[in-house]
């Protein structure tokens, strides 16, 4: 099963529907999964399934961008009846034909709740899952007829991959439909063989109400402190995750927090008063010199034995973070500075209380500590008004400028930060705040700290491929809607392609 499909069950766990409409029943497997999940929360569940079944044709498949074989209605019926025999609370109707006509013809069909005798109308179902025809016209028609459903999930939301490849959303998918509809893009994704990424979207009055209740806390008042977020990414990183980072920053961060992005090459980023870009080549010649000195040094690029790459010694790769952060810290009038890796997802409005929590008054720096390993530096906070700031940042920069990094046991930014932080703690009594101090487990410290209440960090290739961290990564209870929707990681993670 493709990873994104897990999220349908996650949504059912969230909204606990009694009535389910599926457009695109296909072989009935999703119907069974949805019914099983819903019956954990309800004593009775009714399912309406729409599909062409064996009534399709080659011309319709081409028109609807369908590449799957079709299943006969009787085969699906037998499968659901078998399930029904051992699950008496499950009832269903299967409707064959073109959904542009069949949904309209059945929109007022009803199901009486056996417990309350209340009539539940198909057109106002608790959950409608739209994954039938893939043409814009059919998706639009299916949605328009089912738009009064309390929660609606749509498949086929397309975004570009890291190479900029993406299906033509003017002809296929739900992108165009959602342009003027409040919606939420579900985090998990799958890769397309033809290029691009496919995700799901959720909307509907009940679902959006849950989302708005969580996100209504965004602060409109002016900031008590002047703050800056700094990050950096390559051109490849921009298309993989940087573009999303910028869009979500603009949506979820207070308007008086500035974002500064350090770039290796020009990129099509729209700058504003809040969002600024800086070119390394124009304002930070030291990084150009460092990379030039070591570009042909295999060890400095992580190949200590000449064959296998080891991140612990990849000084060249991780120098971008250090040069961007130190340059920003030494040239920025802000009072607080936060480094955040660009492969981070924001899903909830950032508040002043949260920012004060992760860098409390009296501390110079905050970090994600681990007991048996180096810190995780996907997030770091700094008080730029602290009397040790200039010395700390200049020392950090000089470690690279003067190649002192190669005198250390490890050459990546996490290790260097830890060594420098410990030195300043011991010599200058500088106070550092471990954001992870109240958590025992070292697994994925970013999301298992207070940061996880507002953001997700796609720290590995498998999480980047999936588009999110996994529910199985959590070591603490999370009530945020985002975490209730992310899938579990399969035992053997395989990147599925379509």
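The values are calculated or read from the model by the stated rules, or taken from the named source; none is laboratory data. All values derive from a computational prediction rather than experimental measurement. Positions of Cβ are generated from backbone atoms using ideal geometry, with glycine treated the same way; all protein chains shown enter the neighbour counts.
Condition check ((1) without any contact (Cβ under 8 Å) to a residue 40 or more places away in the chain; (2) out of contact with any strand residue (DSSP E or B) (no Cβ under 8 Å at 6 or more places or on another chain); (3) over 30 Å from residue 485 (Cα atoms)) across all residues:
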position: 384; (1), (2), (3): no, no, yes
position: 387; (1), (2), (3): yes, yes, yes
position: 400; (1), (2), (3): no, yes, yes
position: 406; (1), (2), (3): no, yes, yes
position: 411; (1), (2), (3): no, no, yes
position: 439; (1), (2), (3): yes, yes, no
position: 442; (1), (2), (3): no, yes, no
position: 450; (1), (2), (3): no, yes, no
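Output the helices (runs of 4 or more DSSP H) that fall wholly within segment 290-401 and possess 3 or more residues being surrounded by 20 or more Cβ atoms within 10 Å (Cβ to Cβ) and in the same structural domain as residue 418 (by the TED database), or say none. First the steps, then the outcome.
Working: elements: 315-330, 352-358, 389-401.
Result: 315-330, 389-401.
Checking segment 208-225 against the condition returns no match, with no residue being closer than 29 Å to residue 352 by Cα, surrounded by 15 or more Cβ atoms within 10 Å (Cβ to Cβ), touching a helix residue (DSSP H, G or I) at 6+ places or on another chain (Cβ under 8 Å) and at pLDDT 90 or above.
Just one residue in the set 12, 20 is buried (at least 18 other Cβ atoms within 10 Å of the Cβ), assigned to a helix (DSSP H, G or I), on the phi < 0 side of the Ramachandran plot and touching a helix residue (DSSP H, G or I) at 6+ places or on another chain (Cβ under 8 Å); that residue is 12. Within segment 137-149, the presence of at least one residue that is in a loop (DSSP other than H, G, I, E, B), modelled with pLDDT of 90 or more, more than 26 Å from the chain's Cα centre (by Cα) and surrounded by fewer than 19 Cβ atoms within 10 Å (Cβ to Cβ) is confirmed. When residue 65 is tested against the conditions (1) in contact with a strand residue (DSSP E or B) (Cβ under 7 Å, 6 or more places away or on another chain); (2) modelled with pLDDT of 95 or more, the lone failure is (2). Scanning segment 125-145 for residues that are in contact (Cβ under 8 Å) with a residue 40 or more places away in the chain and more than 19 Å from residue 30 (Cα to Cα) yields a total of 5.
For segment 150-176, residues that are under 16 Å from residue 64 (Cβ atoms) and surrounded by 22 or more Cβ atoms within 10 Å (Cβ to Cβ) total 5. Restricting attention to segment 461-479, the residues that are within 24 Å of residue 157 (Cβ to Cβ), assigned to a loop (DSSP other than H, G, I, E, B) and free of Cβ contacts under 8 Å to residues at least 40 places away in the same chain total 3.
For segment 430-438, indicate whether the set of residues that are farther than 16 Å from residue 381 by Cα and either modelled with pLDDT of 95 or more or surrounded by 15 or more Cβ atoms within 10 Å (Cβ to Cβ) (or both) is non-empty.
Taking segment 430-438 as the starting set, the residues that turn out to be farther than 16 Å from residue 381 by Cα are 438.
Cutting the leftovers down to either modelled with pLDDT of 95 or more or surrounded by 15 or more Cβ atoms within 10 Å (Cβ to Cβ) (or both) gives us none.
No.
Here are the criteria: (1) modelled with pLDDT under 95; (2) under 22 Å from residue 214 (Cβ atoms); (3) in contact with a helix residue (DSSP H, G or I) (Cβ under 9 Å, 6 or more places away or on another chain). Tell me which single one residue 465 does not satisfy. With respect to (1) modelled with pLDDT under 95; (2) under 22 Å from residue 214 (Cβ atoms); (3) in contact with a helix residue (DSSP H, G or I) (Cβ under 9 Å, 6 or more places away or on another chain), residue 465 is out only on (2). Of all residues in segment 413-431, those satisfying the criterion of being touching a strand residue (DSSP E or B) at 6+ places or on another chain (Cβ under 9 Å) and outside any helix (DSSP H, G or I) are 430, 431.
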